[in-house]
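Structure first, commentary second.
Please treat every number below as a calculation from the coordinates, not as lab data. The shown structure was predicted, so the numbers you read here are calculated from the model rather than taken from an experiment. Using ideal geometry, Cβ is built from the backbone for each residue, glycine included, and neighbour counts are taken over all protein chains shown.
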Amino acid sequence: MMGQERSEEKSECVSLSPMREAVPAPPECERVCVFGTGDLGRSLGLRLLQAGYGVVFGSRRPHSSSLLLHGAQVLGHAAAAQSALLIFIAVQREHYDFLVPLANQLKGKVLVDVSNNLRKNQYPEANAEYLQSLVPGAEVVKGFNTLSAWSLQNGPSDANRQVYICGDSVEAKQVVMAVATKLGLSALDQGSLSVARELEDFPLQLFPQWRLPLRIAIGLSAAFFFYLLIRDIIYAYATQGEDISFRIMVSLANQVCPIVSLIMLSLCYLPGVLASFLQLYRGTKYRRFPNWLDSWMLCRKQLGLLSLGFAFLHVLYTLILPIRYYLMFWVTEHTVSLIRENKTTTFDTTTAWRGDSYLSLGILGFGLYVLLGITSLPSVSNVLSWREFSFVQSKLGHLTLLLCTAHTYLYGWNRFLSSSIYKWYTPPGYMLCLVLPSVVLLLKLLLITPCVDRTITRIRQGWERGADQRNPKDSQPLIP
Ligand code: NAP
């Protein structure tokens, strides 16, 4: 019946006149009903009015309603339901039973369930499925629940533009999606009403993909902070009785940040390398990766962004070094002592080369780091072709890792030869943090050697090792 009506439409707009009612509404003032005059109902009503719809509110107390939206009508639920095909149910799920006596008026209507819950699995079934069971004659569509009343009120200028829609009736979903489009939102069809629970869980998510990267970042920061505290501060106090605890604030922080940043950048590229070796070992790409590798690969973007954050802190800490009291004091003291002892120092070209190269590689590495961060933003990555995106994220990403690793190697230079740096037989933090990036870069180097690269490329194009010699029975078609 709905399809029939839609085919009769003369205008480009979706007609929202009730399917079983003979109340034709001209397209320019299509009517939409909103049950509930609370926060979301009012914001939705306002946005609908701004988009040119006629809005009828269904309320328990239509006469005493405090709703003051200019141009909207407020009626009782039954009367309001009869005035439009599309009804937004902007009422908490706990009160849905008021809809049962309205079953007749709601028959054939499209009901949009916008409700959310306070926690996951609060009810045995999704709110939208519950609504459908209460009003079986209506077509329930889940949607708009990921928008807040506030963002709706903000109008089209708000960046939050996506609405997820699901429902069992294709026509009903089209009606809802047409309204969403007219409101300046982009509607994404997620499938049948069985997906409703997933959509209801969306607003309850708490950084699901950031949890593992955040834990890694906090764990690494804490581990290296205590390691460096013992090696540098406590060691100086225990062996020389020297109190250099003031170094915790800048020197220690400026060691922890680059260390964590470099390890996290390596962790960002390690799963890709491991996945390639796994495919090489298995000789096929048609076997699933283990779950841990899958989850690891899924959080690479977050690992990379956190690593960029730590690199940024390292840059800030480095930039403030010249204004540190400790450094200014040390430079003055050193100069004065040279003058007092009438000593001169000679310019060491090697040290100058080393210092400049170290700084230059750091700057280049950080520049590429920022580029990687920018291209991971959806607004930027959406305009890149797949090849452009993979060039930046993979090729330039590995180059960033190489530059930052080289920056750290130059920082150490030949100091690893001096036994005095192994305080309490422990290596400095920057040496420890070089292990993982060096391993990742070596493995990547192996992967890009022509013979290995050729095999990997063939596997990714669908070639399987041993497929030619397999029992011909195996390759028989399933359906003869
Ligand atoms: P609200 O401010 O509490 O408003 C709910 C409205 O429901 C009330 O104003 C009332 O309107 C009506 N109502 C209350 N008790 C009722 C009953 N026993 N029988 C019939 N109607 C009743 O809630 P809200 O924030 O607008 O949220 C409404 C729905 O939208 C909820 O399911 C919520 O999960 C969902 N949602 C809200 C937001 C948000 O940002 N607020 C975002 C996404 C989804 P009348 O007095 O006019 O009858």
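Relative contact order of the chain, please, whole-number percent, based on alpha carbon pairs below 8 angstrom and at least 6 residues apart. It comes to 11 percent, rounded to a whole number.
Note on region 208-464: the alpha carbon radius of gyration divided by the globular reference 2.2 N^0.38 Å gives 1.19. Most simply put, the chain has about 10% antiparallel DSSP beta bridges, counting only bridges with both residues inside it. Size descriptors for the chain (Cα atoms only): Rg and Dmax, in that order, 32.1, 105 Å.
Entry for region 31-204 at q = 0.14 Å⁻¹: log10 I(q)/I(0) = -0.66, Debye formula applied to identical alpha-carbon scatterers, no solvent contribution.
Separation of region 364-385 from region 254-268 is 19 Å, based on Cα centroids. Over region 155-213, the hull volume per residue, using the convex hull of the C-alpha atoms, is 94 Å³. For region 259-306, the calculated P(r) over all alpha carbon pairs, in 10 Å bins from 0 to the bin holding the longest distance, is 27, 47, 22, 4 percent. Under the convention that each Lys and Arg Cβ holds +1 and each Asp and Glu Cβ holds -1, the size of the dipole of region 235-368 around its Cα centre is about 840 debye. Annotation: average projected area of region 204-259 is 4.6 square nanometres, based on the convex hull of Cα atoms across all directions.
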